[in-house]
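Written below as structure tokens is the structure these notes are about.
Laboratory data are not the source of any read-out in this text; all were calculated from the coordinates shown. Keep in mind that what you see is a predicted model, and the values were worked out from it rather than measured. A quick note on method: Cβ atoms are made from the backbone with ideal geometry, for glycine too, and the neighbour counts reach across all protein chains shown.
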Amino acid sequence: MSAKIIDGKAISEQVLAETQTGVAEFRKTHGTTPGLAFVRVGEDPASVVYVGAKARMCERLGIQSQTFILPETSSESQVLELVQTLNKQATVHGILVQAPLPGGLSQDRVFETIDPRKDVDGFHPLNVGKLAVGDRTGFVACTPAGIHQLLIRSGIEIAGRHVVVLGRSRIVGKPMCLILMEKGKLADATVTVCHSRSLNLVAMTHQADIVIAAMGVNNFVKANMVRDGAVVVDVGITRVPDPSAKNGYRLQGDVDYAEVSKKAAWITPVPGGVGPMTIAMLMANTLKAAQLQAASAASGH
């Protein structure tokens with residue numbers, strides 16, 4: 001048995017094409033362009049790359065983006081002041097503060113300062129709360145939203161299935177559970193959350209119809225943890241030294257792909273699985289933010 005590949009690159013292109021069409025329609029209808037502001041504090045190499053990639057995607061889709069770079073020595077009040085300024089700008093529909101932030105800055109306080117209507121990352125407590133109660137006017141964190149789309153667009157049945165989520169982070173694990181157990185035909189799963197303190201982990205994962213691995217531990221999920229015919233989604237991404245690779249490293253996920261792919265029915269690769277969906281959902285959230293703010297302005301709220 002060999003697993004079918006869940007192609008995140010191909011599925012992300014579907015989402016991006018839909019968003020690009022929506023952006024063009026928004027511009028035609030409202031005479032303005034959806035706008036996304038990036039805030040980067042310091043020169044963390046990964047953050048520089050990520051923000052650059054997101055800005056280029058905005059350009060491709062016709063979204064207006066601005067990048068604000070603050071020195072690593074910035075105080076928390078300086079970061080919060082910039083966020084509050086962007087909150088007030090009508091041409092900025094979405095705000096993304098790139099994590100991680102330098103030491104001494106509270107990510108929680110920074111994320112909570114973003115106007116919930118512009119919180120396209122989906123990290124504000126109000127948006128997390130909306131997800132918890134099934135209010136779809138909020139924003140859902142991009143990675144779990146992208147995983148949901150991967151499953152739906154691959155035709156994988158979710159309703160009634162047992163999903164085991166490995167990891168309980170606020171960025172992936174917790175929102176993933178809320179999405180999948182929500183009442184509705186595109187969810188209705190039975191969800192079990194496992195983490196580093198879970199007992200009998202292999203027994204848990206072996207029961208799963210769908211395993212979503214978001215532990216951040218390289219090659220954590222072995223073949224003996226997955227039953228035949230399961231769907232396996234690998235959220236992890238680790239740089240592993242590899243002298244034969246062009247950059248001196250290769251990317252590896254939380255799943256032992258070579259072995260698990262022999263047992264699974266469907267599996268996501270790393271790279272090319274979940275990763276492309278995260279940026280695609282960020283673009284979709286930015287369009288949604290612009291649409292909701294335009295509707296609110298039209299109604300006088």
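Of note:
- Between 0 and 90°, nearest 10: helix 45-61 axis offset from the chain longest Cα axis: 70
- Dipole of the chain [Lys/Arg +1, Asp/Glu -1 at C-beta], most positive-end residue of 137, 265, 15: 265
- Entries of 174/262; 9/174; 130/246; 118/246; 9/88; 88/185 with Cα pairs more than 32 Å apart: 130/246; 118/246; 9/88; 88/185
- Using θ = phi - 60° in the Karplus curve 6.51 cos²θ - 1.76 cosθ + 1.60, the 3J(HN,Hα) couplings for region 177-186 round to 4, 5, 4, 6, 9, 4, 6, x, 5, 9 Hz; x is entered for Gly and Pro.
- Entry note, the chain: relative contact order of 22 percent, from Cα contacts under 8 Å with a spacing of 6+ residues.
- Under 5 Å from the amide H of residue 191 lie the amide H atoms of 163, each residue being 5 or more positions distant or on a separate chain, with H modelled from the backbone and absent for Pro and chain starts.
- Within the shell defined by Cβ-Cβ distances under 14 Å, the residues around residue 134 carry a net charge of +1, with Lys and Arg each +1 and Asp and Glu each -1.
- When both region 205-269 and region 67-83 are represented by their alpha-carbon centers, they are found 37 Å apart.
- Karplus-based coupling profile of region 77-92, in residue order and whole Hz: 5, 5, 5, 5, 5, 5, 4, 5, 5, 5, 4, 8, 7, 5, 7, 9, with θ = phi - 60° in 6.51 cos²θ - 1.76 cosθ + 1.60 and x standing for Gly or Pro.
- Karplus-derived 3J(HN,Hα) values for region 145-152, using 6.51 cos²θ - 1.76 cosθ + 1.60 with θ = phi - 60°, are 4, x, 4, 4, 5, 4, 5, 4 Hz; glycine and proline are entered as x.
- Residues whose amide H lies under 5 Å from that of residue 70, counting only those 5 or more places away or on a different chain, are 40, 41, 42; hydrogens are built 1.01 Å from N in the peptide plane.
- Residues whose amide H comes within less than 5 Å of that of residue 97, counting only those at least five positions distant or on another chain, are 39 (H built at 1.01 Å from N in the peptide plane).
- Taking Cα centre as origin and charging only the Cβ of basic (Lys, Arg, +1) and acidic (Asp, Glu, -1) residues, the dipole magnitude of region 175-301 rounds to 120 debye.
- Listed residues 48, 156, 120: farthest to the positive end of the dipole of region 35-189 (Cβ charges): 156
- Convex hull projection area averaged over all views, region 44-194, Cα basis, nm²: 10.1
- Between 0 and 90°, nearest 10: helix 275-298 axis offset from the chain longest Cα axis: 40
- In this Cβ point-charge picture (+1 for Lys and Arg, -1 for Asp and Glu), the chain has a dipole of about 400 debye about its Cα centre.
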